[in-house]
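Visitor: Structure in structure tokens, see below.
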Amino acid sequence: MGFREAAINIEKYFKEHLPSYEVVEARRKSGYEEDSYLYMVAAKKDDGTYAVWTCWNEKLQTLNHGHYDIGDLETCHKIMDEFYHGKR
């Protein structure tokens with residue numbers, strides 16, 4: 001289970017469940033190997049706002065902990081940095 005596979009699955013999930021969003025970034029949620037199935041996702045909505053979900057679970061194919069109506073991608077990055085766990 002790697003990043004590339006997770007990125008493909010995240011894209012599929014958004015196309016099916018959140019079609020008004022376009023994924024702009026996915027990154028690991030943790031630097032610990034035992035968390036290798038956890039990711040965070042930033043996406044841009046068709047109204048120009050952004051959202052961040054701080055937990056994509058690749059094992060369960062679920063998306064949780066959304067932060068919505070964000071004005072820019074830089075703020076998304078700050079949120080992702082805040083929720084990152086472990087070593088870099």
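Visitor: Kindly indicate which of E34, E22 is under 12 Å from the mean Cα position of the chain (by Cα) and acidic (D, E).
Guide: Sole residue among the options that is under 12 Å from the mean Cα position of the chain (by Cα) and acidic (D, E): E22.
Visitor: Can you spot a residue in the range 41-57 that is touching a Lys or Arg at 6+ places or on another chain (Cβ under 6 Å) and in contact (Cβ under 8 Å) with a residue 24 or more places away in the chain?
Guide: First pass over the range 41-57, keeping only residues touching a Lys or Arg at 6+ places or on another chain (Cβ under 6 Å): 50.
Filter once more, so that each one left must be in contact (Cβ under 8 Å) with a residue 24 or more places away in the chain: 50.
Yes; the residues of the range 41-57 include at least one that is touching a Lys or Arg at 6+ places or on another chain (Cβ under 6 Å) and in contact (Cβ under 8 Å) with a residue 24 or more places away in the chain.
Visitor: Ok, one more. Consider K59 carefully, then state whether it is over 21 Å from H77 (Cα atoms) and either in contact with a helix residue (DSSP H, G or I) (Cβ under 6 Å, 6 or more places away or on another chain) or not hydrophobic (A, V, I, L, M, F, W, C) (or both).
Guide: Considered against the rule, which asks whether it is over 21 Å from H77 (Cα atoms) and either in contact with a helix residue (DSSP H, G or I) (Cβ under 6 Å, 6 or more places away or on another chain) or not hydrophobic (A, V, I, L, M, F, W, C) (or both), K59 comes out as yes.
Visitor: For the range 44-83, which residues satisfy the criterion of being among the hydroxyl-bearing types (S, T, Y), surrounded by 14 or more Cβ atoms within 10 Å (Cβ to Cβ) and closer than 22 Å to I8 by Cβ? Explain how you work it out, then say what you get.
Guide: We begin by selecting, within the range 44-83, every residue among the hydroxyl-bearing types (S, T, Y); these are 49-50, 54, 62, 68, 75.
Right, trim to surrounded by 14 or more Cβ atoms within 10 Å (Cβ to Cβ) and you get 49-50, 54, 75.
Hits for the range 44-83 are Y50, T54.
Visitor: Which one of Y84, Y39 is out of contact with any strand residue (DSSP E or B) (no Cβ under 6 Å at 6 or more places or on another chain), within 14 Å of R27 (Cβ to Cβ) and hydroxyl-bearing (S, T, Y)? Working first, answer last.
Guide: Working: Y39 fails: out of contact with any strand residue (DSSP E or B) (no Cβ under 6 Å at 6 or more places or on another chain).
After applying the criteria, what remains is Y84.
Only the coordinates and a few stated rules stand behind these numbers; no lab work does. The model shown is predicted, which means the values in this text are computed figures rather than measured ones. Glycine gets a Cβ as well: all are built from the backbone with ideal geometry, and neighbour counts include every protein chain shown.
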